[in-house]
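These notes concern the structure reproduced below.
Nothing in this text is a laboratory measurement; each read-out follows from the coordinates by a stated rule. If you're wondering where the values come from, they're calculated on a predicted model, not measured in any experiment. Note that each Cβ is placed from the backbone with ideal geometry, even for glycine, and that neighbours are counted across all protein chains shown.
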Amino acid sequence: MTLENLLKTSQLKSHTAHAQEIHRLLAAARRNLDDARATGISLETRFDAAYKAIMQAALIALMANGFRPDTNRPGHHMTVLQSLPKTIGLQNERMSVLDALRRKRNLSDYMGENIDDVSVENCITEAERLLREVEKWLKKNQPGLIS
């Protein structure tokens, strides 16, 4: 499915990105990664912070491509993540990993499932990696947004 198809089905809305909002989201993602690395808080909170950084990085990529999710519609987290192959060319293998983290977050948030150390570390690693990839993509494809 293309981003334009997601726009037609109202899962996405048109959006004009501005450097200031991209800068704020990048800073927020970095703060969330710092929080995720803090060992004095629960594993669930650390995982949530790392997952939030993943979502912020994916949102930056979507906005830089002229879209934003309709947050009033269910499934907008999945839509934002699944847009990554179209926004920055993320490979399917990486999508599978990010989607597994999304499902783990859902199980924790909605079913009370425990989060283990390995899941926290994986989520932090994936958030750091995705943030680097989004920044690299921005520098190459939308340098005016990352100045």
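Once backbone amide H atoms are built at 1.01 Å from N, residue 12 has 7, 70 as its partners under 5 Å, excluding neighbours fewer than 5 places away on the same chain.
Relative to the compact-globule scaling 2.2 N^0.38 Å, provide the ratio for the alpha-carbon radius of gyration of segment 63-147.
Working: Rg = 14.3 Å, N = 85, 2.2 N^0.38 = 11.9 Å.
The value comes to 1.20.
Taking the inverse of the mean reciprocal distance over all distinct Cα pairs, the Kirkwood hydrodynamic radius of segment 24-108 comes to 13.4 Å. From largest to smallest, the equivalent ellipsoid semi-axes obtained for the chain from the alpha-carbon gyration tensor read 25, 18, 13 Å. Distance check, please: which entries in 8/104; 8/86; 8/139; 8/136 exceed 27 angstrom between their Cα atoms? In this structure, 8/104; 8/139; 8/136 lie more than 27 Å apart at Cα.
Let me know the shape class of segment 1-53, please: from the alpha-carbon gyration tensor, a ≥ b ≥ c as square roots of the eigenvalues, rounded when a/c is under 1.5, otherwise prolate if a/b is greater than b/c, or oblate. In terms of gyration-tensor shape, oblate.
Which of the DSSP-defined H helices in the chain satisfy a minimum axial length of 20 Å, computed from C-alpha atoms, and a minimum mean Kyte-Doolittle hydropathy of -0.5?
Numbers: long enough: 19-37 (27 Å, -0.73); 43-64 (32 Å, 0.85); 92-111 (27 Å, -1.06); 117-141 (36 Å, -0.73).
Long hydrophobic helices here: 43-64.
Given the DSSP H assignment, sum -39500 (n - 2.57) over each helix run of at least 4 residues in the chain and divide by its residue total; what's the result at 222 nm in deg cm²/dmol, nearest 500? Write out the running numbers ahead of the final one.
Working: 7 runs with 103 residues, N = 147.
The per-residue figure over the chain is -23000 deg cm²/dmol.
With charges set only on the Cβ (+1 for Lys and Arg, -1 for Asp and Glu), what does the dipole of the chain come to about its Cα centre, in debye to the nearest 20?
My answer is approximately 580 debye.
Coordinate range of the alpha-carbon atoms in segment 58-112 per principal axis, descending: 35, 29, 13 Å.
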